[in-house]
Each structure stands twice: as structure tokens, then as C-alpha cells.
Amino acid sequence: MPENNEALGRLIANENSASDLLAFLFERDPAPLIRVLGLPDGEYRVRREGKAARSRFDLVVYRENHPVAVLELKGASTEHGDQLDRYQAWAAKYSAALFYCTLDRGDVPPDPWRAVGLVELYGAWRDSTDPHVAWLGGEIAGLFASWDQQAEGIIGESRGWYVPDLVTRRVALDLDKVLRERDGEAEATRTNPGNPMFLAWRRHPNGDPNAWIGVDVRSEGRMTPAARWLFRPCVQVELGDGTAVEARRKAHDLAVALLPAMVLPAIQRMLTDLSRPELGQALSANEHGGLARPADAAVLDEFRNGDLSGFHPVFRNDWNRRLATQLSLDVTRVDRFQLADLTLAVLDHLVASARELVVDQG
């Protein structure tokens, strides 16, 4: 990002500020937005954050006090809960058109939402007869275009605030298409502190519908783009109809059985065998290969025979139902395509290893 655009970048990184800037551009010259949205000629006004039925819209376009278009801007955040459904229900009362404004490529919103690129949206003012908004719209569109391009390059070299979000969402979208054909799925989400992450899953080959093998990948924050990401091969067991203790014990047993395949040396050997040693070289781990502590059999047995609460003695854990090794990924050495390849290779490796265990136990 050009040095003299850092302040503008901070402004548009906040979706409220980005929406305010869009409203300002419209107030100075409404024609570009009317053209992009395909609305008929006429007199329009916009309102920021209109409220209706627990909904707060980023921008609503009115004609003669009648809502005709609702714009939802999505940059770092994603839709949450039934947000789009609530917006759609409100808009349907007025036959208002719905526009989902995003940088994500291939992220097709559900009908009747229409996708509008943020570069296209703000860039529409480049041809404005008002030189001030023509400049501002062009600067904003240029920054969004730069962030879009950065998301396709080396992850750790990026500077745009949205880039980690774009990377995790694009990787998850690409992986989901592949994994749906392998009885799996992928999704982008957030860590508890709000950092971008994605999860990729395949069903465990033991036939238990609640058992999954996964990879959990977490950005460590947007402020330091070159900071290593967490790459966590894992086993997870959903609660299903059983108790939490039963699910934890099942996750423990599956993870302990799969442990030899989940540590860094095994993953690096697998990647070398696949002729992708560069992916293995981008990974590192602690002296235990990614385990929290050495895998002492007596300690593992003692934990298994208790209520399985508290910290797991060997694995990194979420609720003691997602048990993982924790590797470190050097994102200055990979782009999103390599990250997707790495994730898929590790998933396939873990599923193949688990399948061998199922055969041996059978």
C-alpha cells in the first residue's frame, strides 16, 4: 500500500467508515451509484445504518422516501447468524433490491442478493464530473484493488488490512468445493480474539458420524503480516447424542491413535514423498513436534480415566473435543494456493493414516 495512503487504508478498513465515505460520494454525485445499481433515473437520497427489525443496514437508497436498494458492505467481517435473511425480509416489504458488496472472488451471495465488487462500486466515481469525488473514489477503489491483488500473492508480504480475511475466505471456498466430493467441508471463521482463520474437515474413516479429521489454520493478527500462522492438524468429535465426557474420551482415543501422523516430522516426510518439500520447509514446531508435552503413556492413561476436563496433557485442545498438534507456518514463503495445497495434503495424509488404523483394528 502506498505510504501516503495508509491513513485512507485505516479508514476503509473499518466498514462503518467505508460506508460513510460511500454516502459522502453519493451526496456529492449520486449518478455513479445509481448507474452501478442499475436504478432508473430519478431523485434519490441515501441513509446510513437504517434500522428495522433488529437490522442495521450499511446503506439504504431511497426514492421519494421509499427504500429501493439495500447495500451490505463486507470487508473483514462476514455475515453472521440470520443477518442476510433479516435484511431480505425487511427489503421484501418494499420490493427493494439487495446488493452484497465485497472483494471476495467467487463468493456468490444467495438469491435475491446481487454481488457488487467494492472496486467497481467505489471506482464508479472515477468518471464523476466532480473532481473531488472522482479523486477520492479512485483512491479508495485503488486501495481495494491493491488488497485484492495482495491476497493472491505471498501472504506475509501483504499490507492491506483485509488481506488475511480474503486469504482465509478464498482458501476455505476453494477447499470446500474439493472436500464436498470427499465427504468433507471447509469454512472461514474467526478466533476468539477476532483473527481470521479457516477450518477444513473430512469424516473420520471409522464410520462414527460425529468423528472428524481436520486442519485448523489461524492468522495471528493483521498488524504484523509476516507473523507466522498457526497450522493445527486435529481430530474433533461432536457431541451427538452422547455426553461431553464420552465425546472427550472418544476424541482422546482417536487423537492418541493418530498421534504419530500428526507431528511435524511425519508431515514433512509425507510432503517430501509428494515432491512438495517446500511446503514442509515452511512448517516448524517446538521440540515435541507440535505436541504441548511429550506423549507419556502413563500421563495419557491417567487423563483418559478421569473426567477429561482441564488442559489436555499432550494435545492442544478446544473443549477437549478438538485435539491438535500445533505447527507454525511461515507465511512469507507461501501464497493462498500453496496454503490450500498444504491443507489438503495434510488432510489426505491424516485420513489415510486413520484408515490404516481402522483396518489394523478390524
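The values are calculated or read from the model by the stated rules, or taken from the named source; none is laboratory data. Because the structure is predicted, anything quoted here is derived from the model rather than measured. Counting neighbours? That spans all protein chains shown, and the Cβs are built from the backbone with ideal geometry, glycine included. The protein model used for the area step is the full one, side chains on, heavy atoms only, and it has no ligands, DNA or RNA in it. Shrake-Rupley method; radii C 1.70, N 1.55, O 1.52, S 1.80 Å.
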- Task: Could I have the simple spin-label model distance between Ala31 and Arg48, label points 7 Å from Cα toward Cβ, reported in nm to one decimal?
- Result: 2.5 nm
- Anyone know which of Trp229, Trp319, Trp201 comes out most mobile in the 10 Å Cα GNM of the chain? Trp319
- Message: Rounded to the nearest percent, how much of the accessible area of the stretch 6-152 (1.4 Å probe, protein heavy atoms only) is carbon and sulfur?
- Response: 48 percent
- Please compute the net charge surrounding Gly153, taking Lys and Arg as +1 and Asp and Glu as -1 over other residues with Cβ under 13 Å from its Cβ. 0
- Message: Under the rule of at least 5 residues apart or a separate chain, name every residue whose amide H is placed under 5 Å from the amide H of Ala97.
- Response: Ala69, Val70
- Selection from Leu344, Leu259, Leu357, by position along the positive dipole direction of the stretch 237-362 (Cβ): Leu344
- Query: Any idea what angle helix 131-150 forms with the longest principal axis of the chain, computed on alpha-carbon atoms, 0 to 90 degrees, nearest 10?
  - Reply: 10 degrees
- Query: Mind checking the angle between helix 83-92 and the chain's longest principal axis? C-alpha axes, 0 to 90 degrees, to the nearest 10.
  - Reply: 30 degrees
- Taking only protein heavy atoms into account and a 1.4 Å probe, give the accessible area per residue of the stretch 155-360 in Å². 44 Å²
- Note on the structure: Probe 1.4 Å, heavy atoms of protein chains only: per residue, the accessible area of the stretch 6-152 in Å² is 47 Å²
- Note on the structure: Relative contact order as a percentage, the chain, C-alpha pairs under 8 Å and 6+ apart, gives 13 percent
- Size of the stretch 155-360 along its principal axes in angstrom, Cα-based, largest extent first? 48, 34, 33
- Message: Once neighbouring chains are kept in place and the probe is 1.4 Å, which whole percent of the accessible area of the stretch 242-292 is contributed by carbon and sulfur?
- Response: 56 percent
- Task: Let me see the pair-distance distribution of the stretch 6-152: every alpha carbon pair, 5 Å bin width, integer percents in order.
- Result: 2, 9, 20, 24, 21, 14, 7, 2, 0
- Message: Please list, in order along the stretch 39-48, the HN-Hα scalar couplings obtained from phi with the Karplus expression 6.51 cos²θ - 1.76 cosθ + 1.60 (θ = phi - 60°), rounded to whole Hz, x for Gly and Pro.
- Response: 8, x, 4, x, 9, 10, 9, 10, 10, 8
- With labels modelled as points extended 7 Å from the Cα through the Cβ direction, what inter-label distance (nm, one decimal) is found for Thr191 paired with Met223? 1.3 nm
- Task: Give me the distance in nm between label points sitting 7 Å out from Cα along the Cα-to-Cβ direction at Ile154 and Arg63, one decimal.
- Result: 5.1 nm
- Query: Taking the structure as given and computing Cα Rg over 2.2 N^0.38 Å, which label from (1) 1.16; (2) 1.03; (3) 1.22 fits?
  - Reply: (1)
- Message: Per residue, how big is the convex hull of the stretch 268-313 when only Cα atoms are used? Give it in Å³.
- Response: 100 Å³
